[in-house]
Amino acid sequence: MSQETAPSPTADRASGHATGAMREAVVELVDVHKSFGQLEVLKGISMTSHVGDVTAIIGASGSGKSTLLRCINMLEIPSSGTVRVHGEEIGLRRNGHGESEIADRRQIQRIRTRLGMVFQSFNLWQHMTLRDNVIEVPIHVLGRKRDEAIRDADALLERVGLFEKRDTFPAYLSGGQQQRAAIARALAINPDVMLFDEPTSALDPELVGEVLTVIRDLASEGRTMILVTHEMSFAREVANRVIFLHQGLVEEEGEPNAIFNHPKSERLQRFIGSIR
Amino acid sequence: MTRTEPLETEPGLAELARPATRGRSWWQPHRIVLLVVSVALVMLAAATMRWDWLVEYWPQILIGVWRSVWLLVLSIVLGFLMAVPLGLAQVAGPRILALPARGFCTLIRGTPLLLQLWLLYFGVGSLFPTIPAIRQSFLWDYLRQAWPYALFTLTISFAGYEGEVMRGAFAGVPHGELEAGRAYGMSPFKLLRRIWLPRAFFRALPTLGGEIIMQLKSTPLAATITVVDVYGVIAQVRQDTYLVYAPLLFLAGIYMALTGILVLLVRVVESRVPIRGV
């Protein structure tokens with residue numbers, strides 16, 4: 001198993017969130033469509049996320065936000081369109097029924113190890129302690145040495161404030177703690193991009209803050225992130241790009257200030273009005 | 001309510017997790033009564049029944065127990081190894097695998113073990129000698145003995161029941177945990193080995209423990225096809241001595257003791273399961 005070293009985003013960090021065109025594209029989607037049976041959820045979406053970008057995807061329920069995010073790591077396979085990660089196109093082909101499928105499983109497995117996914121419902125492995133959750137992929141997928149993986153895992157758990165809980169099983173932890181552990185698990189593969197799928201939607205209101213603090217911390221160190229969220233004030237605070245989806249299409253995109261303070265489209269105006 | 005005690009004397013989580021009987025003596029009144037009753041029963045049986053046959057048959061009984069135990073252990077291990085693919089095929093396999101797996105489990109669970117045993121031993125087993133190729137092969141050494149038929153039947157029986165248990169256990173592992181494995185680049189095989197199978201196994205463990213104890217009590221059927229397990233030895237004792245109750249009571253005691261050991265073993269394994277109630 002080849003272990004790709006993530007290009008450090010630190011170089012770009014200095015320039016802050018400058019114009020995207022100058023920086024390397026990490027994730028590119030071109031005309032991505034996705035249908036579930038008759039229902040077309042994504043109707044041709046193109047977006048690019050550059051190194052250091054924090055992209056927030058917003059929109060009403062059912063607008064296709066989560067599906068879009070899950071198309072990046074092929075948890076949902078686009079019906080058509082192209083997904084590139086660091087310029088490498090994920091190979092898709094049609095099976096006998098005309099459905100889209102992964103052409104090369106090894107390729108997608110390799111690419112997935114560069115994408116750190118954080119799920120709405122945490123999805124920690126319940127039969128492993130927090131530390132075992134964090135070292136699982138580094139050891140068993142990336143083939144790293146156990147003592148190194150443990151050292152890194154402890155540092156990451158320390159960082160998300162769960163070092164003392166490292167030998168605890170997920171079932172004994174609050175949702176906020178589980179989600180912070182899930183973020184540590186994602187960070188353990190040193191991903192090129194962090195993908196957050198509504199990371200606070202399953203949490204009790206009083207637990208949302210601790211998770212947002214961790215994500216904010218990651219944003220401030222310049223990590224590339226794509227974030228599907230309902231937390232508008234948070235999106236506005238940490239994102240440098242906001243994409244507003246409406247019925248499977250990008251209705252409007254731009255800087256947070258433009259999106260939230262000067263929305264152009266009527267639908268976005270209504271959406272922002274409805275959540276205020 | 002005012003708190004007068006300092007916080008340090010509050011019971012910690014570790015103490016709360018221990019059984020409530022901590023610190024109390026094992027000698028509870030109900031236990032003492034039960035002990036006295038059982039000792040009295042044993043004494044009564046010892047005093048009023050004939051046990052002299054034990055001296056003569058003791059070595060055979062030990063061999064019989066040994067046969068019962070390895071029939072149990074081997075059929076459980078081999079049966080479970082079959083149950084994993086049987087369960088998996090029904091949950092995730094293509095139809096061409098799922099349907100035969102379901103058919104196998106239905107067939108095994110839908111017919112008496114005794115019938116399966118007799119069909120294989122008296123039916124299939126009587127066909128083999130008519131095939132010269134088999135008589136000349138190394139298999140013949142096994143196929144002309146009875147124990148392979150007993151082991152085989154007990155194995156497929158355990159596989160049939162546990163295949164169904166594993167089907168439920170595999171299906172019950174939360175989809176999100178599998179998706180997480182996939183999202184981090186695990187191959188299907190690695191996902192099965194690291195996440196799906198251990199997770200399903202831990203879920204199934206309480207059920208498996210009970211089924212293992214049931215399986216012990218299926219092993220005496222082997223005696224019906226001339227495998228002399230502990231039941232077979234006791235049946236011989238009864239024929240030789242014309243005693244009715246003493247050998248059977250002794251047999252009951254042996255199975256009780258074996259069951260007790262199994263219960264303890266299952267409990268030890270279960271206490272090592274990393275999670276409970278999930």
**Study point:** Rounded to the nearest 20 debye, dipole of the protein assembly as shown from Cβ charges on Lys, Arg, Asp, Glu
**Key:** 1260
Study note, to complete from the structure: With a 30 Å threshold on alpha-carbon distance, the violating pairs from A:K65/A:K264; A:K43/A:K264; A:K65/A:K165; A:K65/A:K145 are A:K65/A:K165; A:K65/A:K145
Point to revise | Summed side-chain charge close to B:P129 - residues other than B:P129 whose Cβ falls under 10 Å, Lys, Arg +1, Asp, Glu -1 | key: +2
Revision key, fill the gap. Quarter of the surface of the C-alpha convex hull for chain A, i.e. direction-averaged projected area in nm², equals 15.0
**Study point:** Computed over the stretch B:52-271: relative contact order in percent, which uses C-alpha pairs under 8 Å that are six or more apart
**Key:** 31
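How long are the semi-axes of the ellipsoid equivalent to the protein assembly as shown, from square roots of 5 times the Cα gyration tensor eigenvalues, in whole Å, largest first?
61, 32, 19
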Exercise for review: Return the percentage of antiparallel bridges among DSSP beta bridges fully within chain A, rounded to the nearest 5 %.
Suggested key: 60
Point to revise | chain B: DSSP helices with Cα axial extent of at least 27 Å and average Kyte-Doolittle hydropathy no lower than -0.5 | key: B:29-48, B:53-92, B:147-172, B:245-271
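Please give the charge dipole size of the stretch B:52-271, origin at the Cα centre, charges +1 on K and R Cβ atoms and -1 on D and E Cβ atoms. Round to the nearest 20 debye. Please report the intermediate quantities before stating the final value.
Values: 16 positive and 11 negative charges, 170 e Å.
About 820 debye.
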Check your understanding: Counting each DSSP H run of 4 or more residues in chain B as -39500 (n - 2.57), what helix-only mean residue ellipticity at 222 nm follows after dividing by all residues, to the nearest 500 deg cm²/dmol?
Key -> -23000 deg cm²/dmol
Review point. Just for the protein assembly as shown, what percent of DSSP beta bridges are antiparallel, to the closest 5?
Key: 60
Check your understanding: What is the sum of charges around B:A150, taking Lys and Arg as +1, Asp and Glu as -1, for the other residues whose C-beta is under 13 Å from the C-beta of B:A150?
Key -> 0
Review point. Which one of B:P247, B:S38, B:T106 has its Cα pushed farthest toward the positive end of the charge dipole of the protein assembly as shown, where Lys and Arg give +1 and Asp and Glu give -1 at the Cβ?
Key: B:P247
**Study point:** Most positive-pole-ward Cα, B:W27, A:S100, A:L115, against dipole of the protein assembly as shown from beta carbon charges
**Key:** B:W27
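Scan chain B and hand back the longest stretch that contains none of the trypsin sites (Lys or Arg not before Pro) lying in DSSP loops with at most 16 other Cβ atoms within 10 Å.
B:51-143
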Point to revise | Footprinting exposure proxy for B:W58, A:W125 (fewest neighbouring C-beta atoms within 10 Å first) | key: B:W58, A:W125
Check your understanding: Which is farthest toward the positive dipole end of chain A among A:L268, A:V83, A:V214, measuring Cα position about the Cα centre, with Cβ charges +1 (Lys, Arg) and -1 (Asp, Glu)?
Key -> A:V83
Check your understanding: With N residues in the stretch A:103-156, what two-decimal value do you get for its Cα radius of gyration over 2.2 N^0.38 Å?
Key -> 1.24
Check your understanding: Given chain B, what whole percent of its Cα pairs are spread farther than 22 Å?
Key -> 70
Study note, to complete from the structure: A student applying the Cα gyration tensor rule (rounded when a/c is under 1.5; otherwise prolate if a/b is larger than b/c, oblate if not) would label the stretch A:189-276 prolate
Point to revise | Cβ-defined net charge surrounding B:P198, 14 Å radius [Lys, Arg +1; Asp, Glu -1] | key: +3
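Only the coordinates and a few stated rules stand behind these numbers; no lab work does. Keep in mind it's a predicted model, so treat the numbers as computed, not measured. Neighbour counts run over all protein chains shown; Cβ positions are idealised from the backbone, glycine included.
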